[in-house]
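The values are calculated or read from the model by the stated rules, or taken from the named source; none is laboratory data. Here the structure is a predicted model, which is why all the values come from computation and not from measurement. Reconstructed Cβ throughout: ideal geometry from the backbone, glycine too, with neighbour counts over all protein chains shown. Just so you know, the surface numbers come from the protein's heavy atoms only, side chains and all, with ligands and any DNA or RNA stripped out. Shrake-Rupley method; radii C 1.70, N 1.55, O 1.52, S 1.80 Å.
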Amino acid sequence: QVKNKAPAEVQITAEQLLKEAKERELELLPPPPQQKITDVEELNDYKLRKRKTFEDNIRKNRTVISNWIKYAQWEESLKEIQRARSIYERALDVDYRNVTLWLKYAEMEMKNRQVNHARNIWDRAITTLPRVNQFWYKYTYMEEMLGNVAGSRQVFERWMEWQPEEQAWHSYINFELRYKEVDRARTIYERYILFTLLVIVHPDVKNWIKYARFEEKHSYFAHARKVYERAVEFFGEEHMDEHLYVAFAKFEENQKEFERVRVIYKYALDRIPKQEAQNLFKNYTIFEKKFGDRRGIEDIIVSKRRFQYEEEVKANPHNYDAWFDYLRLVESDADAETVREVYERAIANVPPIQEKRHWKRYIYLWINYALYEELEAKASKRTRQVYQACIELIPHKKFTFAKIWLLYAQFEIRQKSLPLARRALGASIGKCPKNKLFKGYIELELQLREFDRCRKLYEKFLEFAPENCTSWIKFAELETILGDIDRARAIYELAIGQPRLDMPEVLWKSYIDFEIEQEEYEKTRNLYRRLLQRTQHVKVWISFAQFELSAGREESLSRCRQIYEEANKAMRNCEEKEERVMLLESWRNFEEEFGTDTTKERIDKLMPEKIKKRRKLQAEDGSDAGWEEYYDYIFPEDTANQPNLKLLAMAKLWKKQQQESEAAEMDPDKDIDESQS
């Protein structure tokens, strides 16, 4: 009985016990003592005990082939070949598929120079397991080492009947080459390629290349070229491989047939997909750099860039920038048909969404196509077809491109087909009127001096966009140039009478400048008065005053001063004080140049005082955002601000008194001296 059941201070875990047991297993046991056999009886006794041990191991587990092999090798070491042979035979009865067992059995016979026995074993092995290549290699090697070349060849022939893998055929070929049997080797290659149906079993390019290199190595260059040609013909265009063409080209390069090399490379590059021809292209580039001229090298570079662009447009057909780069490349170095083909492929990628922003880049493909046909290919008929196809493609009900219409019209004019140009522009205005189309059509008719057509177009334009001030001004300027002042004035009157205008200030200024040019000063004044009824902007008043000053008459100064007076009165209630300050500054500049001392003094009294103020700011959510300083103007004329001015003056006086009293408290001696004095 255990009296103390408390846990021990040092605890031993199960893991430690297992680890210790494992370590003890690895400890080396002391070797058994050496036994010296002195007579035959002891030797027989030793043999009996060992054989009994082996037999017991075999009986315990017959399927463990290593026990059989150890048993046979022990018997072999005792030169008991017959017994070892019997053990191997018993083992083969247990597992005849064991490759190691066959190898050990045959090697034993070979080591003991039992050649016929070894042949017998190899024959049995290759008959039982014909797909084990190691048996065939060992068998042929043994026959060759014995000098039995015919026997080795016979074994190879038996092997070839089983249509083995590629290495077996090459071993047979190398065997024949070791004995300088080139014709036999060629025959084997032919069987390998054609007659034994190996081409169907192994349709690999490298087999043809090896055959051709074999012929080249033995200086049969015509045969090598024929092999390459047969390979090209056999694989055709459906199963082209760049390695075959690279090998073919290098062969021809070694034969100094540079034109043949160039033809092979170009033929392959034209037919093999670009992503599978990287190595081919690299070798072609190296060849041209070594043996080609400048033109050939440029062709290579162009081909490489063309391949890159092909990959880009294949990955994203709507990448129009890639198409532009590709087209520039083919235009610089290609015939017209190739360029047209690329253009047709490019314009076939119509944007999937009918929104103008998606079509802006696409439409330039059509423009470049038309310009190429006109300027480079000199094909006016095809150019017209391109423009017409583009116009039919654009969804004009949703959007249009004025540029394409104008370019088409300009092209027809260059072809001296004015009716077609007018018909195109008329159709554009009818289908999808735009400001740019009207302007382009009018500019065309102006260049042709067709002023009546210009008037009709301006009328249509203004019916389409009556708020466009620029169109009204251009129409009036046209009538002015033509000398019809009344029509121009009537156009201006119609324009300013429109309820909605995009730039009314530009229109009024143009009308006023028109009347000034005609020296109609009274009408100009009436225009200014009408404009001031619509707006009280300070620039209108200043422009009015400057007009009166520039009228060049005796009463111009008084009229100008009167305008400034009216403007000042009108702008007293204006919320924008900066505009009033601008007016007074303009008035002061006028008085400084043309006024008297009295008028100058008067305008100086009207000038405001600039003061700094603070105002409270609020954030978007309504919370307090602090204070902001700003400048404000106080005008002496404003009676409403007079109390504020008096209050400000009193505050300044009080502040001055406070500063004086503080200075007196800081220096009492000075006050005593002053009192004594």
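Where the convex hull is taken over the Cα atoms of the chain, what is its projected area averaged over directions, in nm²?
One quarter of the hull surface, i.e. the mean projection, equals 87.3 nm².
Starting from the Cα-Cα distance between Leu371 and Thr535, subtract it from 0.36 nm times their residue separation and give me the gain in nm to one decimal.
Result: 53.9 nm gained on full extension.
So, for the chain, what is the accessible surface per residue at a probe of 1.4 Å, expressed in square angstrom?
63 Å²
Which trypsin sites (Lys or Arg not before Pro) does the range 245-282 hold that lie in a coil by DSSP with at most 11 other beta carbons within 10 Å?
Lys256
Enumerate by residue number the GluC sites (Glu not before Pro) in the range 452-534 meeting two conditions: DSSP loop (anything except H, G, I, E, B), and at most 10 other Cβ atoms within 10 Å of the site's Cβ.
Here the GluC sites (Glu not before Pro) that fit, given the DSSP loop and packing criteria, are Glu519.
Mind pulling the per residue volume of the convex hull built on the Cα atoms of the range 417-478? Å³ is fine.
Each residue corresponds to 73 Å³ of Cα convex hull volume.
Kindly state, to the nearest 0.05, the FRET efficiency for Glu620 paired with Glu310, given R0 = 60 Å and r defined as their beta-carbon distance.
Using R0 = 60 Å, I get an efficiency of 0.60.
What are the extents of the Cα atoms of the range 207-292 along their three principal axes, listed from largest to smallest and rounded to whole Å?
Sorted from largest, the Cα extents of the range 207-292 read 34, 31, 16 Å.
Name the long-range amide H neighbours of Met503: under 5 Å, sequence gap of 5 or more, or other chain; modelled H, no Pro or chain starts.
Excluding prolines and chain starts, which carry no amide H, the hits are Cys469.
Please give the Cα centre distance for the range 649-664 versus the range 340-404, rounded to the nearest Å.
Each part reduced to its Cα centre gives a spacing of 83 Å.
Go ahead and collect, in residue order, the members of the range 29-67 whose backbone nitrogen is under 15 Å from a label point 7 Å along the Cα-Cβ direction of Leu78.
Residues 37-57 qualify, since their backbone N sits under 15 Å from the label point.
What value, in deg cm²/dmol to 500, does the helix sum -39500 (n - 2.57) over DSSP H runs of n ≥ 4 give at 222 nm once divided by the residues of the chain?
-22500 deg cm²/dmol
Ignoring ligands, DNA and RNA, what percent of the accessible area of the chain is carbon or sulfur (1.4 Å)?
Exposed carbon and sulfur together represent 50 percent of the surface.
Quick one: which of Lys111/Lys138; Lys180/Lys250; Lys577/Lys610; Lys360/Lys403; Lys217/Lys266; Lys356/Lys460 span more than 19 angstrom between C-alpha atoms?
Values: Lys111/Lys138 13 Å; Lys180/Lys250 26 Å; Lys577/Lys610 11 Å; Lys360/Lys403 11 Å; Lys217/Lys266 26 Å; Lys356/Lys460 25 Å.
Result: Lys180/Lys250; Lys217/Lys266; Lys356/Lys460 exceed 19 Å.
Taking 8 Å as the Cα distance limit and 6 or more residues as the minimum spacing, I'd like the relative contact order of the chain as a percentage.
Taking the mean separation of contacting Cα pairs over the length of the chain, I get 3 percent.
Using 7 Å Cα-to-Cβ label points, what is the Asp321/Met650 separation (nm, one decimal)?
A separation of 7.3 nm, rounded to one decimal place.
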